[in-house]
Amino acid sequence: MRYTELKIEVKRNASETVQAILLDAGFDSMQIDDPMDAVDIAEHQDLYKYDYINEEITRTAEEAESGSDTIAITLYFADDEEGRRGLNEAEALLKSLKAGADDIAYKTTITGDDSEWLYKWQEHFKPAKIGERIVVKPGWEDYEAAEGELVVEMDPGMAFGSGLHETTSMCIKALEKDLGGSYDPSRYPIKVLDVGTGTGILAMAAVLLGADEALGIDIDDEAVRVSNENIVKNGLEGRISIMHGNLMDGVDYEPDIIVANLMADLVIMLSPAAAAQLKPGGVYITSGILDIKEDAVKKAIEDAGFDIIEVLADGEWRAISAVRR
Ligand code: SAH
């Protein structure tokens, strides 16, 4: 599939106006790159408790502070009739904007992208096998499942939760183990609670792997919306519910398995509530933990009343599985 990228560079003071005009004209899917976001994150590392701060963010922040005050708004158009019409409309709109207001500076870079990449920030999103059985595929790709494979269909709407992140795939591997046949049949029906559900991927994987039902929670409205969409897309409406909430506040669900791909500090905070909701023998799968935080998280999990059964590692990331004593 070919895509065309239309990149608009605007001065900060005009950015919101231009975004509003584009939205108003029906262009409701745009990527906003604001270099000052990186400055904000870099300056408030403790506030964000951000495990993902890396050299790139720090470098971008330095560049942003050294003068660039331009925000990039990028629109993407498919290389088909509808896409070309959209592109023409967007270009006409930008031309008229520039004629009417001198302070709106913009530049368009149109690149014919002949690879199968949709958005650069989504990397190459192709059907991907995660763990032994789960395959995640975007809606536009056909995929013939081999025997035993379980396919989750998902269009990337947000970077996280496509299943391709190490922290997600480790959770899927742990779920496969826990739901993979060795489960004590007297425990059925199995309920899975997915804290920080993102796109709903782990709740969906759990149900496909044999859980009877799942509940996903997320603090982000957009995640709640996207996961509900994905659940419908996969025909799992009857078995998965999604709620908006902070960790497990106010949740009364009595799950058999809790999976939480968050980050170290949140896993530590969540552990006592997880222990309170799980019966003895219940499984607690946690991920999003950087290697340097592994010991602290293990201690918090053990202190809350769990025995650790496995630590998975992928690069700098750790996923810890534990069983309620
Ligand atoms: N479960 C998905 C997404 C993990 S990203 C996956 O494994 O791929 C972490 C998610 O946790 C994000 O969607 C974020 O919005 C959510 N989150 C962060 N803090 C939270 C909190 N305090 N309570 C509930 N969800 C939270």
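Tabulated results
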{"read-out": "Hits in the range 289-325 (condition: within 17 Å of residue 274 (Cβ to Cβ), out of contact with any Lys or Arg (no Cβ under 9 Å at 6 or more places or on another chain) and outside any helix (DSSP H, G or I))", "value": "309, 323, 325"}
{"read-out": "Residues being away from the ligand (no atom under 14 Å from the Cβ) and in a loop (DSSP other than H, G, I, E, B) - total across the range 210-229", "value": "3"}
{"read-out": "The lone exception for residue 249 - which of (1) of a type outside the set (Phe, Trp, Tyr); (2) over 23 Å from residue 137 (Cβ atoms); (3) away from the ligand (no atom under 11 Å from the Cβ) it fails", "value": "(3)"}
{"read-out": "Test: residue in the range 179-186 that is more than 16 Å from the ligand (Cβ to nearest atom), in the same structural domain as residue 261 (by TED's automatic domain parsing) and modelled with pLDDT of 90 or more", "value": "no"}
{"read-out": "The range 230-243, subset in contact (Cβ under 8 Å) with a residue 12 or more places away in the chain and part of a helix (DSSP H, G or I), residue surrounded by the most Cβ atoms within 10 Å (Cβ to Cβ)", "value": "230"}
{"read-out": "Within the range 299-311, tally of residues that are surrounded by fewer than 20 Cβ atoms within 10 Å (Cβ to Cβ) and either without any contact (Cβ under 8 Å) to a residue 12 or more places away in the chain or touching a strand residue (DSSP E or B) at 6+ places or on another chain (Cβ under 8 Å) (or both)", "value": "8"}
{"read-out": "Per-region count, the range 244-273, residues among the small types (Gly, Ala, Ser), surrounded by 17 or more Cβ atoms within 10 Å (Cβ to Cβ) and free of Cβ contacts under 8 Å to residues at least 40 places away in the same chain", "value": "1"}
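The values are calculated or read from the model by the stated rules, or taken from the named source; none is laboratory data. Just so it is clear, the model here is predicted, and its values are computed rather than measured. Quick reminder, even Gly has a Cβ in these numbers, built from the backbone with ideal geometry, and neighbours come from all protein chains shown.
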